[in-house]
Amino acid sequence: MYQIQSRISTSLVSTSLASLFAFLAMLITSTCAQASPVISLQDWIFNIDGTTHEAWFGDPLPTTGTLLDGYGTLSLEVSGAGTHNVIGYFDYEMYESINTFFNESGQASGIPAIGQSWEIDEPGFLFGDIVDNVFLGALDNSNGVPAGFEDDVAFALGWDFSLLDGESAVIDFTITDLLPTADFFLTHTDPDVDESFYFYSTLDIQASGTPAGPNVPVSEPPVFYLVLAPLLILLLRRRLCQGQ
Ligand SMILES: [Ca+2]
Ligand SMILES: [Ca+2]
Ligand SMILES: [Ca+2]
């Protein structure tokens, strides 16, 4: 009887501990989960080899992908041998309904890749030249709205690159609230709410017909199965025949 009661007690303790750990895990997860900064996209521009597309003029996005609540990745593909110039520009506001759109700053972090250009600036209503530079296809690699000089922030990232015959380039533009692991990225901050989000871009040049994504190695049958297995089968068959 004592053993049965002991087992029941142990089982109850285990169940209670499991429930307790599950509750604590849920509590920790719910405590750690933070909402993304509230952002709104005022305007975007893409300059692809001199052809511009802008939300302000009602143009459709020349990219694939979508932005959800302002966040996500937009991609475009460029092909054709020769030199290319691609720029993606975004004018976001942070918590505009709470503290306006001109209390914000930007920052560049890391080292740009070869051929990569960038710019953070006021979008041109007051003093910024970023929109002019986007249309020119030549970003100025400078920050016109650093911390301490808050205003209306817009930012852009660009690529200058060359393709050989048969090559194509896939360029991603990503807006995220997660600190990027990319070598170079831009940050947009609203200091009054002490929150930030990030913008980075990648360039992937592929040979014609190269499938996107990591190459999956094709497994080949080991030498054993190709050479040794038939020999073993022959030997086994001979042994069986001799035994008859
Ligand atoms: Ca703001
Ligand atoms: Ca500028
Ligand atoms: Ca802005």
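Readers should treat all values here as calculations from the given coordinates under stated rules, not as data from a laboratory. On a predicted model such as this, the values are computed, not experimentally measured, just so you know. Cβ atoms come from the backbone with ideal geometry, glycine included; neighbour counts cover every protein chain shown.
In the neighborhood of SER75, defined by Cβ-to-Cβ distances under 12 Å, what is the net charge if each Lys or Arg adds +1 and each Asp or Glu adds -1?
Its environment carries a net charge of -3.
Can you tell me the length gained on complete extension of the stretch GLN206 to GLU77, counting 0.36 nm per residue apart and subtracting the Cα distance?
Here the segment from GLN206 to GLU77 would lengthen by 45.4 nm.
Treating the beta-carbon of each Lys and Arg as +1 and of each Asp and Glu as -1, no other charges, what is the dipole magnitude of region 39-206 about its Cα centre, to the nearest 20 debye?
That gives a dipole near 440 debye.
Two-decimal Rg/Rh of region 152-192 from alpha-carbon positions, Kirkwood Rh?
My calculation of the ratio gives 1.09.
Picking from ALA81, LEU178, PRO112, whose Cα lies most toward the positive end of the charge dipole for region 39-206 (charges on Cβ: Lys, Arg +1; Asp, Glu -1)?
Final value for the positive-end residue is ALA81.
For region 39-206, what Kirkwood radius comes out of the mean inverse Cα-Cα distance, in Å?
16.0
Along the Cα-to-Cβ line of ALA35, 7 Å from the Cα, sits a label point; which residues in region 92-130 have backbone N less than 17 Å from it?
Counting backbone N atoms under 17 Å from the label point, the list is 93-100.
I'd like to compare 88-100, 46-58: which one has the highest average count of other Cβ atoms within 10 Å, and what's the full order after that?
88-100, 46-58
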